[in-house]
Amino acid sequence: MYMALKHTHLLLAALSVSLLFIRFVLSMRDSALLQKKLFKVLPHVIDTLLLLSAAGLMLTIQQYPFVTPWLTEKFLGLLAYIALGVMALKGRTKALRVFAFFGALGWLALMVRVAITKTPVLFG
């Protein structure tokens with residue numbers, strides 16, 4: 001069960017990041033494609049499934065944010081990633097969107113590192 005959840009989580013994470021990248025590029029080009037239903041609904045569906053798979057993994061390994069330091073850091077990184085991802089797609093200026101996009105990628109890198117090593121970076 002654990003391996004199936006883990007691989008599902010990794011696949012959904014890759015899809016989520018790929019969609020963020022595609023939507024970011026489209027927003028920088030002011031593309032009308034962003035108004036298509038696919039780009040409005042699919043990211044929310046994938047991100048919801050991603051969070052559900054994360055919850056399933058937490059229950060499976062019995063480790064939880066605010067109890068397990070590395071998971072707390074990963075959760076806080078997720079909040080920063082989401083906030084910067086929203087700014088990358090909806091920021092007022094293109095410069096702000098670019099800055100936010102690379103900031104989001106930085107938090108993503110932190111989450112990946114913490115997930116692999118199970119060692120917090122910021123609070124360790």
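What to note about this one:
- Seen from every direction in turn and averaged, the convex hull around the alpha carbons of the stretch 31-74 projects onto 4.0 nm².
- Partner lysines whose Cα lies under 27 Å from the Cα of Lys36, excluding those fewer than 8 positions away in the same chain, are identified as Lys90, Lys94.
- Interatomic Cα distance distribution for the stretch 1-101, bins of 5 angstrom, percent: 2, 12, 19, 22, 17, 12, 9, 5, 2
- Charge sum, other residues only, whose C-beta stays under 15 Å from Val112's C-beta, Lys/Arg counted +1 and Asp/Glu -1: +3
- Between the listed residues Leu50, Val86, Tyr64, the Cα displaced farthest toward the positive end of the dipole of the chain, a dipole computed from Cβ unit charges relative to the Cα centre, is found at Val86.
- Taking a straight Cα-Cα cut-off under 20 Å and skipping sequence neighbours fewer than 8 places away in the same chain, the lysines within cross-link reach of Lys6 are Lys74, Lys118.
- Ordering Ala115, Ala4, Leu19 by Cα displacement along the dipole of the chain toward the positive end leaves Leu19 in first place; charges were set at the Cβ atoms of Lys, Arg (+1) and Asp, Glu (-1).
- Rounded Å value of the spacing that divides the Cα centres of the stretch 73-124 and the stretch 23-51: 18
- The chain - percent of accessible surface contributed by carbon and sulfur, probe 1.4 Å: 73
- Difference of contour (0.36 nm per residue) and Cα-Cα distance, Lys6 to Thr93: 27.6 nm
- Average Cα contact separation per residue, the chain, under 8 Å, 6 or more apart, as relative contact order %: 25
- About the centre of its Cα atoms, the chain shows a dipole size close to 420 debye [charges on the beta carbon of Lys, Arg (+1) and Asp, Glu (-1) only; nearest 20 debye].
- Counting only protein heavy atoms and a 1.4 Å probe, the chain has 64 square angstrom of accessible area per residue.
- Note, ³J(HN,Hα) from phi for the stretch 19-33, Karplus 6.51, -1.76, 1.60, rounded to Hz, x at Gly and Pro: 5, 4, 4, 4, 5, 5, 4, 5, 5, 5, 8, 6, 6, 5, 4
- Within the chain, helix-based [θ] at 222 nm, where runs of 4 or more DSSP H residues each add -39,500 (n - 2.57), nearest 500: -28000 deg cm²/dmol
- By a 1.4 Å probe calculation restricted to protein chains, Tyr64 has an accessible surface near 90 Å², given to the nearest 10.
The values are calculated or read from the model by the stated rules, or taken from the named source; none is laboratory data. Predicted model, so just to flag it, every value in this text is computed and none were measured. Cβ sites come from the backbone with ideal geometry, for glycine too, and all protein chains shown count toward neighbours. With ligands, DNA and RNA removed, areas are computed over all heavy atoms of the protein, side chains included. Shrake-Rupley method; radii C 1.70, N 1.55, O 1.52, S 1.80 Å.
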